[in-house]
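Student: First the structure, which I've put down as structure tokens, then a few questions once you've had a look.
The values are calculated or read from the model by the stated rules, or taken from the named source; none is laboratory data. Keep in mind that what you see is a predicted model, and the values were worked out from it rather than measured. With ideal geometry, Cβ positions are generated from the backbone for all residues, glycine too; neighbour counts draw on all protein chains shown.
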Amino acid sequence: MSDPFLAALSALCPALLSALAAFEEVRRRLDPPRIGELREAMRPIAATLHAATEAFRATAPPADLADLAAQLQRAADAADAMGGSFCADAPPHEAIARVLHAMRQHAEAQALLYPLRKALPPVNSFFLEPAARARLATLDPAPRREPPTGVLTARARDGARGGFSLYVPESYDADRAWPLIVALHGGSGDGDGFLWTWLVEARSRGCLLLSPTSLGSTWSLMGDDVDAPALRRMVAYVREHWRVDDARILLTGLSDGATYTLLCGLQAEMPFTHLAPVSGVLHPANLLNGNLERAAGRRIYLVHGALDWMFPIATARLAHHTLAQAGAAIVFREIADLSHAYPREQNGPILEWMDPALVP
């Protein structure tokens with residue numbers, strides 16, 4: 001390996017991983033009044049990444065590392081675009097669009113980076129919880145053909161919405177049954193992007209992870225429920241090809257995905273054993289369709305931010321009261337510093353609530 005290429009690679013990897021981790025924190029802290037403050041904090045990190053990305057682009061890799069370098073360049077470019085989108089000054093009417101674009105680039109950078117984990121040990125560690133890193137050899141053994149593991153996707157041939165992303169831990173072994181996490185994106189999101197909200201915890205703790213895409217721009221919160229049958233089919237597909245623990249099937253989601261977690265998860269004959277809505281509401285239809293009666297005894301982990309500007313905290317407190325009165329075995333986590341955002345730090349507690357053995 002040439003010295004200039006090694007130097008460029010050694011500069012790019014930490015800059016890239018630092019930027020991805022910093023933007024994860026930005027996503028956690030997102031609140032309209034704080035966007036300017038978060039942007040200022042992100043700018044020097046994004047500038048360091050941009051410089052490292054351009055230096056790497058200008059350095060020729062050895063011939064036998066050309067494919068690795070090209071993939072890493074694509075990941076760095078996506079993360080660089082993430083930083084540029086979020087940090088650039090923009091008029092107020094463009095601010096939200098820029099944030100959403102940065103979030104998409106954040107997920108894309110991770111998707112491009114993940115296949116390089118075997119070649120780049122810091123990348124492999126990045127996609128594990130700290131407590132699981134000592135078990136890396138066990139968690140990421142040599143690949144095998146059947147059954148397939150890693151990140152898998154199923155999409156409509158015509159480009160329409162629907163389909164899913166699926167993560168099967170590389171350590172998958174059919175000799176035991178595996179918990180299944182079904183994670184629902186927020187409005188206008190998709191499963192490909194939302195997968196990365198949960199992949200580290202699923203990989204570290206040994207869970208299958210299914211991240212569907214709604215058939216419409218969001219989940220079936222109005223009109224005909226077209227998403228529930230699709231979710232049933234997806235879970236059935238995973239059960240058919242991998243060994244799922246039917247006593248540990250978690251349905252969780254963010255915002256509209258959280259609202260639909262309750263609306264769909266409490267329906268009759270759904271396969272979900274545990275529900276964990278984050279930053280959503282208890283849809284009025286639950287009061288009319290028999291879901292409250294079916295909530296009796298159901299295990300629900302409700303998470304909401306006290307600073308939520310889209311669904312004020314009073315709506316979550318009412319949902320908690322209503323579900324508790326209906327007899328649900330409910331846990332309510334009201335997070336004082338959370339706005340309408342995803343609290344990644346709750347993933348571990350949610351899994352340990354579902355099963356205390358699910359530790360990293």
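Student: In contact with a Pro (Cβ under 8 Å, 6 or more places away or on another chain) and modelled with pLDDT of 95 or more - does that describe any residue in the stretch 113-122?
Tutor: We begin by selecting, within the stretch 113-122, every residue in contact with a Pro (Cβ under 8 Å, 6 or more places away or on another chain); these are 122.
Among the residues that remain, those that are also modelled with pLDDT of 95 or more are: 122.
Taking every residue of the stretch 113-122 in turn, at least one turns out to be in contact with a Pro (Cβ under 8 Å, 6 or more places away or on another chain) and modelled with pLDDT of 95 or more.
Student: Can you give me the number of residues within the stretch 109-129 that are without any contact (Cβ under 8 Å) to a residue 40 or more places away in the chain and more than 18 Å from the chain's Cα centre (by Cα)?
Tutor: The number of residues fulfilling the criteria is 3.
Student: Let me ask something else about it. Are any residues in the stretch 137-153 surrounded by fewer than 16 Cβ atoms within 10 Å (Cβ to Cβ) and more than 16 Å from Trp198 (Cα to Cα), and if so, which ones?
Tutor: Passing the criteria: Ala137, Thr138, Pro141, Ala142, Pro143, Arg144, Arg145, Glu146, Pro147, Pro148.
Student: Hey, among the residues in the stretch 86-102 that are within 20 Å of the chain's Cα centre (by Cα) and touching a residue at least 12 places away in the same chain (Cβ under 8 Å), which one's surrounded by the fewest Cβ atoms within 10 Å (Cβ to Cβ)? Show your work before the answer.
Tutor: Residues of the stretch 86-102 within 20 Å of the chain's Cα centre (by Cα): 86, 96-102.
Add one more test, that the residue is touching a residue at least 12 places away in the same chain (Cβ under 8 Å), and what stays is 86, 98-102.
On the way: Phe86: 25, Arg98: 19, Val99: 19, Leu100: 13, His101: 16, Ala102: 23.
Filtering first and then ranking leaves Leu100.
Student: Please go through the stretch 229-254 and give me each residue that is among the aromatic types (Phe, Trp, Tyr) and surrounded by fewer than 16 Cβ atoms within 10 Å (Cβ to Cβ), ordered by number.
Tutor: Tyr237
Residues checked against (1) farther than 30 Å from Phe23 by Cβ; (2) modelled with pLDDT of 95 or more; (3) among the β-branched types (Val, Ile, Thr):
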| residue | (1), (2), (3) |
| --- | --- |
| Pro212 | no, yes, no |
| Leu215 | no, yes, no |
| Ile249 | yes, yes, yes |
| Gln267 | yes, yes, no |
| Phe272 | yes, yes, no |
| Ala285 | yes, yes, no |
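Student: Ser279 passes all but one of (1) under 22 Å from Trp196 (Cβ atoms); (2) among the hydroxyl-bearing types (Ser, Thr, Tyr); (3) out of contact with any strand residue (DSSP E or B) (no Cβ under 9 Å at 6 or more places or on another chain); which number fails?
Tutor: Of everything listed in (1) under 22 Å from Trp196 (Cβ atoms); (2) among the hydroxyl-bearing types (Ser, Thr, Tyr); (3) out of contact with any strand residue (DSSP E or B) (no Cβ under 9 Å at 6 or more places or on another chain), Ser279 misses just condition (3).
Student: Restricting to the stretch 199-220, give me the number of residues that are within 16 Å of the chain's Cα centre (by Cα) and small (Gly, Ala, Ser).
Tutor: Qualifying residue count for the region: 5.
Student: So Ala134 clears everything in (1) part of a helix (DSSP H, G or I); (2) surrounded by 15 or more Cβ atoms within 10 Å (Cβ to Cβ) except one condition, right? Which one?
Tutor: Unmet for Ala134, out of (1) part of a helix (DSSP H, G or I); (2) surrounded by 15 or more Cβ atoms within 10 Å (Cβ to Cβ): (2).
Student: Which of the following residues is on the phi < 0 side of the Ramachandran plot, surrounded by 14 or more Cβ atoms within 10 Å (Cβ to Cβ), modelled with pLDDT of 95 or more and touching a helix residue (DSSP H, G or I) at 6+ places or on another chain (Cβ under 7 Å): Leu338, Leu351? Show your work before the answer.
Tutor: Working: Leu338 fails: touching a helix residue (DSSP H, G or I) at 6+ places or on another chain (Cβ under 7 Å).
Answer to the selection: Leu351.
Student: Where in the stretch 236-326 are there helices (runs of 4 or more DSSP H), lying fully within it, with 1 or more residues that are out of contact with any Leu (no Cβ under 8 Å at 6 or more places or on another chain)? Full working, then the answer.
Tutor: Values: elements: 256-265, 291-294, 313-325.
By residue number, 291-294, 313-325.
Student: Another question, if that's okay. Taking the options Leu292, Leu282, name whichever one is in contact (Cβ under 8 Å) with a residue 24 or more places away in the chain, closer than 23 Å to Met222 by Cα and crowded, with 23+ Cβ neighbours inside 10 Å. Can you show your working first?
Tutor: Numbers: Leu292 fails: crowded, with 23+ Cβ neighbours inside 10 Å.
The conditions single out Leu282.
Student: While we're here: What about Phe272, is it in contact with a helix residue (DSSP H, G or I) (Cβ under 7 Å, 6 or more places away or on another chain), aromatic (Phe, Trp, Tyr), assigned by TED's automatic domain parsing to the domain that holds Val244 and crowded, with 18+ Cβ neighbours inside 10 Å?
Tutor: Details: in contact with a helix residue (DSSP H, G or I) (Cβ under 7 Å, 6 or more places away or on another chain): yes; aromatic (Phe, Trp, Tyr): yes; assigned by TED's automatic domain parsing to the domain that holds Val244: yes; crowded, with 18+ Cβ neighbours inside 10 Å: yes.
The answer is yes for Phe272.
Student: Pick from Ala69, Ala8, Ala21: which is surrounded by 18 or more Cβ atoms within 10 Å (Cβ to Cβ) and closer than 15 Å to Val123 by Cβ?
Tutor: Ala69
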